[in-house]
Amino acid sequence: MTETSATCYGLAAGAFAVPRFDKIALQLSEHGCELRRNEAWMSGATDRGQFEILGEEGAIKISLSAKDASTLFMLRDQILHIVDHADPDLLTQFEWTGTLPDQGPPANFRLAEVVEVTQPFPHFYRVTLKADNMAHFASGAMHFRLLLPPQGRSPVWPAIDATGRTRFPTGEDQLHNPVYTFVSIDVATGIFAFDVFIHDGGRITEWVRGAQVGDTIGMMGPGGGQMPQAKVLTLVGDETALPAIRRILAEAAPEVAGQAYIEVDGAEDIQDLIKPEGITVTWLMRGRDLGPVDTLFALYGDGPVDPMPFIWCGAEKFQVQRARKHFRETLGIGPEQSYFSGYWRKEG
């Protein structure tokens, strides 16, 4: 269990009702939380800490705990986001005590400055940025969000509102906020790098093409994409998931075994990957081989094997949803044994 040193508590008096409680539990489950629960109590954990939600004396009580104040802030934002999905009217009824964020910019928001843009691979740009106080981003999850304002408008950045939730600008000020994977972080200098898959017409691709040294962009995180802790892995993905697969392989313990299947357009996209000796990498050629999700079905679609590896899948959104539904709902492979993420969406 994660050691905790920061806690906070929310109380919504008179708010408890079984249907409302069930909606919260459903949303938590759909967001990948493994729950223990009964009619008026549930508890569980996310990648940021532990939570307990209790229906008692007509009230809903939320208890949150995390390793430090910054992580607690992200946990609270995560849980409130889920509660908002379940019942938007409930969010404003909570009164909070404990370690709480101030209103203003979120603690995990940074302004980052462009240092360099290179093209180390035919279909990837590598963007190097610099930001203050990057220690918070150097441990835990491997992803972060870029925050790109609409072209030609002054940026309006996220802020904490009176309910304690991070609110993002909407309408004409809405930010484009895709997720990326750190390639490297130097905490001492604040310099970090990430790779962008080149997609003509993509907003980040076009921003990178026009970026000049000294330009600024927003970022938040880290979030999601915890490193798998299993001793046996099966990783499948396309180019958009390649940066994440590359980092998982590079940081895996030497004794980890398994396999990775990565779909690319052609042989020029194949990269040398740092990995444990016990992991084999197979490059799938688009249009010739099975795609990553179909490869996963071919390997395990008929049912779990013994021992079952940790399954990691990142590819087109609808294909990943098909895999998640089959492996989670039909085969019963839970979030402790699998990770599914839609990295992009096919239009039409």
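When region 188-201 is filtered for residues that are over 16 Å from Phe121 (Cβ atoms), open to solvent by less than 50 Å² (accessible area, probe 1.4 Å) and not in a strand (DSSP E or B), only Gly190 remains.
The sole residue among Ala59, Ala69, Ala86, Ala45 that is touching a helix residue (DSSP H, G or I) at 6+ places or on another chain (Cβ under 8 Å) and among the aliphatic types (A, V, I, L, M) is Ala86.
Within region 103-118, the set of residues being touching a residue at least 24 places away in the same chain (Cβ under 8 Å) and outside any loop (DSSP other than H, G, I, E, B) comprises Gly104, Phe109, Arg110, Leu111, Ala112, Glu113, Val114, Val115, Glu116, Val117.
Checking each residue in region 264-321 for being surrounded by fewer than 16 Cβ atoms within 10 Å (Cβ to Cβ) and among the basic types (Lys, Arg) picks out Arg286, Arg288, Lys317. Screening the candidates Arg76, Arg126 for the property of being out of contact with any Cys (no Cβ under 7 Å at 6 or more places or on another chain), modelled with pLDDT of 85 or more and not in a loop (DSSP other than H, G, I, E, B) yields one hit, Arg126. Of the residues making up region 15-46, just one is more than 18 Å from Gln93 (Cβ to Cβ), open to solvent by less than 80 Å² (accessible area, probe 1.4 Å) and over 25 Å from the mean Cα position of the chain (by Cα), namely Trp41. Taking region 248-348 as the region of interest, the strands (runs of 3 or more DSSP E) fully inside it that hold 3 or more residues being on the phi < 0 side of the Ramachandran plot and in contact (Cβ under 8 Å) with a residue 24 or more places away in the chain are 257-264, 310-316, 338-344. Taken over region 212-240, the criterion of being buried (at least 18 other Cβ atoms within 10 Å of the Cβ), among the hydrophobic types (A, V, I, L, M, F, W, C) and out of contact with any Leu (no Cβ under 8 Å at 6 or more places or on another chain) is satisfied by Ala230, Leu233. If the condition is being in contact with an Asp or Glu (Cβ under 9 Å, 6 or more places away or on another chain), open to solvent by 50 Å² or more (accessible area, probe 1.4 Å) and not basic (Lys, Arg), then region 161-187 contributes only Val183.
The values are calculated or read from the model by the stated rules, or taken from the named source; none is laboratory data. Keep in mind that this is a model prediction, so the values were computed, not measured. As a convention, Cβ positions derive from the backbone with ideal geometry for all residues, glycine included, and neighbour counts pool all protein chains shown. Keep in mind that these areas ignore ligands, DNA and RNA; they rest on the heavy atoms of the full protein, side chains included. Shrake-Rupley method; radii C 1.70, N 1.55, O 1.52, S 1.80 Å.
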